[in-house]
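The values are calculated or read from the model by the stated rules, or taken from the named source; none is laboratory data. The model shown is predicted, which means the values in this text are computed figures rather than measured ones. Quick reminder, even Gly has a Cβ in these numbers, built from the backbone with ideal geometry, and neighbours come from all protein chains shown. Calculation scope for accessible area: heavy atoms of the full protein, side chains included, ligands and nucleic acids excluded. Shrake-Rupley method; radii C 1.70, N 1.55, O 1.52, S 1.80 Å.
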Amino acid sequence: MADLNDLLQTPLHALHLELGARMVPFAGYAMPVQYPAGLMAEHHHTRTAAGLFDVSHMGQLTLSGPDAAAAFESLMPVDVIGLGLNRQRYGLLLNDEGGIIDDLMFVNRGQDLFVIVNGACKHGDLAHIEARIGGRCVVTPQFDRALLALQGPQAVSALQRLLPGVEQLVFMTGGAFGWQGAGVYVTRSGYTGEDGFEISLPAASAEAFARALLAQPEVK
């Protein structure tokens with residue numbers, strides 16, 4: 001097993017340790033795998049209330065320019081050009097032979113496409129995208145941003161106290177918000193099967209925002 005001291009850390013690393021997390025290597029990062037309450041308690045809380053997840057190891061990037069949608073569509077077997085404003089879609093990033101490199105989520109934000117790829121693949125994905133379509137659009141990695149997932153049937157109740165208006169988002173849509181001077185982009189999506197949100201924000205704001213969420217009665 002890799003030495004945890006040699007691994008990258010997310011902006012919430014100190015908070016994980018403070019909360020008693022057991023850290024393990026994942027995608028080159030030290031990531032929390034369990035907290036003192038135990039896995040079953042975490043599972044049930046997410047299914048009945050709202051669970052907060054640190055997914056900052058995942059890769060965030062933007063594609064911008066007038067040809068960005070057409071360029072990105074050339075790498076995926078899904079409709080990018082026809083995606084509506086602030087609409088999100090699931091896609092598969094393909095190699096030159098049509099094999100799957102990674103799966104991802106992307107949002108049409110108007111001024112750009114906001115793309116989230118898996119943490120273990122993000123550097124390879126970025127290199128592939130830049131090599132294939134970097135001449136057709138501006139590819140901007142944002143790997144330094146934090147990404148939080150708030151998942152569960154009561155997630156909207158907690159999040160709307162911090163980001164009023166977020167309750168108006170429907171599944172697979174996104175919107176821009178502000179919190180204490182920080183630009184936040186939120187999508188109503190996630191991988192738990194519950195209602196929930198993914199929240200992209202500057203790394204410097206991540207711990208304070210996470211603590212504000214954990215202070216809500218629905219969130220653990």
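The Cα-based radius of gyration of the chain, divided by its Kirkwood radius, gives an Rg/Rh of 0.97.
Pulled fully out, how much extra length does the chain show between Asp96 and Leu39, if you take 0.36 nm times their separation in residues and subtract their Cα-Cα distance?
Details: separation 57, 0.36 × 57 = 20.52 nm, distance 4.06 nm.
My answer for the length gained is 16.5 nm.
Quick check: at a probe of 1.4 Å, how many percent of the accessible area of the chain sits on carbon and sulfur atoms? C and S fraction of accessible area: 55 percent. Amide hydrogen proximity for Met31: with H placed 1.01 Å from N in the peptide plane, the residues at 5 or more positions away or on another chain lying under 5 Å are Val24, Phe26.
Computed with every protein chain present, the accessible area of Asp103 is close to 50 Å² [probe 1.4 Å]. Residue separation of Ser64 and Ala212 scaled by 0.36 nm, minus their Cα-Cα distance, works out to 50.0 nm of gained length.
Grab the DSSP H runs of the chain that are 4 residues or longer, score each as -39,500 (n - 2.57), total them, divide by all residues and round the 222 nm result to the nearest 500 deg cm²/dmol.
Details: 6 runs with 54 residues, N = 220.
Mean residue ellipticity at 222 nm (helix-derived): -7000 deg cm²/dmol.
For a paramagnetic label modelled at 7 Å from the Cα of Ser74 toward its Cβ, which residues of segment 107-132 fall within the zone defined by backbone nitrogen distances under 13 Å? Only 129-132 fall inside the zone, counting backbone N under 13 Å.
Once you have the Cα-Cα distance between Leu19 and Gln160, take 0.36 nm times their residue separation minus that, and quote the gain in nm to one decimal. Working shown, then result.
Numbers: separation 141, 0.36 × 141 = 50.76 nm, distance 2.42 nm.
Additional length available on full extension: 48.3 nm.
Modelled label positions at Gln142 and Asp103, each set 7 Å beyond Cα in the direction of Cβ, lie 2.3 nm from each other.
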